[in-house]
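This report concerns only the one structure given below.
Every number here is computed from the coordinates shown, using simple stated rules; none is lab data. Keep in mind that what you see is a predicted model, and the values were worked out from it rather than measured. Don't worry about glycine lacking a Cβ; one is built from the backbone with ideal geometry, like all the others, and counts go over all protein chains shown.
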Amino acid sequence: MDIYRIHLTGWTASFRYPTFVSGFQPTLPVPPLSTIYGLLSAANGTIIIPGDIPVGYVFRSEGKAVDLETVYELEENLKAKTNIVRREILFQPELYLYIPEKSLAESFKKPFYPLLLGRSTELFMMNEIKKVELEKRRKGKIGHSLIPFPTDGVYGPIQALPTHFSDDIPRKAIGTRAFYLVDKLLEYNKPILMDPEKEWGVWMHHG
């Protein structure tokens, strides 16, 4: 299966748990699908949602740290007060995107909007676009990604996450479902598409 692999890197990334609104802000270990489709939309300049294009990805980072962040909270009288929030961040993140459309892959060379992975300060840079052939194998390693729950042979923390958001104001979460948060490579003893150069499996999300 021919596909385009896009390699992106940044300095930091963080992905908010939907259930944590205030207080300590932990990060998901891998980006949710809504962030991935947001990244595709930013590069392309138009909204891309699940069902428009299948996508696979592998995300890794060098470590995790906790930062102190000043938050400005507006009250009803529009007066602002400050608060200090402890936020987890992922250090030296890198993302490998797998998509089947050449034109969309090429848009990462001159993205329409800034490429962000996480919050508005977390810029990402495109390093390489390469056409690769994913091989169908009877088994292999898979992980560093979201995997739909339930999937036989996969394990890890489970979290309900939206697949994308509406583009109106206020934005609405759409397609919420349960996923495994797999932050390591697992032995997967079922048929899987493998990237032969990286020797890891690629789970393609189709919507």
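Data table
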| read-out | value |
| --- | --- |
| Amide H partners (placed H, <5 Å) of W200, local residues excluded | D195 |
| Long-range tail of P(r) for the stretch 2-201 (Cα pairs > 32 Å, %) | 17 percent |
| Degrees, to the nearest 10: 33-44 long Cα axis against longest axis of the chain | 90 degrees |
| Relative exposure of L68, L123, L193, L97, judged by other C-beta atoms within 10 Å (fewest first) | L68, L123, L193, L97 |
| Helical contribution to [θ] at 222 nm, DSSP H n ≥ 4, -39,500 (n - 2.57), averaged over the chain, rounded to 500 | -2500 deg cm²/dmol |
| Ranked list, fewest to most other Cβ atoms within 10 Å of each Cβ, for R5, R87, R138 | R138, R87, R5 |
